[in-house]
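One structure is given here, and the rest of the page talks about it.
Rule-based calculations on the coordinates, nothing more; no lab input. Please read all numbers here as calculations on a predicted model, not as lab measurements. Heads up, the Cβs are rebuilt from the backbone with ideal geometry, glycines too, and the neighbour counts pull from every protein chain shown.
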Amino acid sequence: MPLSRPTVVEVVHQNAVIEAGIRCILETSPEFDVRPSHPPAPEPDLVVLDPDGAPERLARRRPGVSANPHVIVVAMAAQETDVRRAWEAGVRGYVILGGAAEEIVTAARAVAAGRRYLCPAATLLMADSLTQPVLTPREGDVLALVNRGQNNKEVARSLEISVGTVKSHMRGIMTKLGARCRTEALWIASQRGLIARQANAVS
């Protein structure tokens, strides 16, 4: 019975030390064929990237390649919104540094097998977000317009509601987010990725 070929992996990270470390970890396992990033591997099965490089790579298709390789993000730190955006963009694996070195190998094995993988730290971030109070669709609309710089009267005019209703929605938003003022509410919402999602819904 013929042996399956090793999984071809390309590692490209903006931090040279992290890139070298990832290469060293994966090269210890014979199931991975870690290729140089320059020139890029002709047809890698997996690409390990930093968070900034992932969106560009996911959007790029190489001539003659039927499908993009699966992408794993390795981040030095992350917030829930970072993980969520990467997931929505098509990233198959997300690892936040700080755990065991074996975490990289576990992620690569899972993604190579066609599964998705979140490291424990990323899983905890996503789980915590599920326990947060959810804004209503109208509260989301108000939040997005306030983020654009609109005052209460402008928001009321945009949504065709009364100024009193806008104020009521803002009180609800601040209560749910645990904010003491509009500025803090916008900051918390941006950290949780609510601003981007609501802006897309309103636009």
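Computed from backbone phi, the HN-Hα couplings of region 156-172 come to 4, 5, 5, 9, 6, 10, 7, 4, x, 5, 4, 4, 5, 5, 5, 4, x Hz, rounded to whole numbers (Karplus: 6.51 cos²θ - 1.76 cosθ + 1.60, θ = phi - 60°; Gly and Pro given as x).
By its C-alpha gyration tensor, with a ≥ b ≥ c as the square roots of the eigenvalues, how is region 137-202 shaped: rounded for a/c under 1.5, else prolate for a/b larger than b/c, else oblate? Taking the square roots of the gyration eigenvalues as a ≥ b ≥ c, region 137-202 is oblate.
Entry note, the chain: the mean residue ellipticity at 222 nm calculated from DSSP H runs of n ≥ 4, each adding -39500 (n - 2.57), is -15000 deg cm²/dmol after division by the residues and rounding to the nearest 500. Using a Gaussian network model of the chain in which every pair of alpha carbons under 10 angstrom is joined by a spring, one finds that among Pro51, Pro30, Pro120 the greatest mean-square fluctuation is at Pro30. Relative to the dominant Cα principal axis of the chain, helix 120-130 is inclined by about 20°. Against the main long axis of the alpha-carbon atoms of the chain, helix 137-147 sits at an angle near 90°. Across region 137-202, the mean sequence separation of Cα contacts (distance under 8 Å, 6 or more residues apart), normalised by length, yields a relative contact order of 39 percent. Under a model in which nothing but the beta-carbon of Lys, Arg (+1) and Asp, Glu (-1) is charged, region 137-202 shows a dipole of about 140 debye around its Cα centre. Taking GluC sites (Glu not before Pro) across region 102-195, the ones in a DSSP loop with at most 11 further Cβ atoms lying within 10 angstrom of their Cβ are Glu160.
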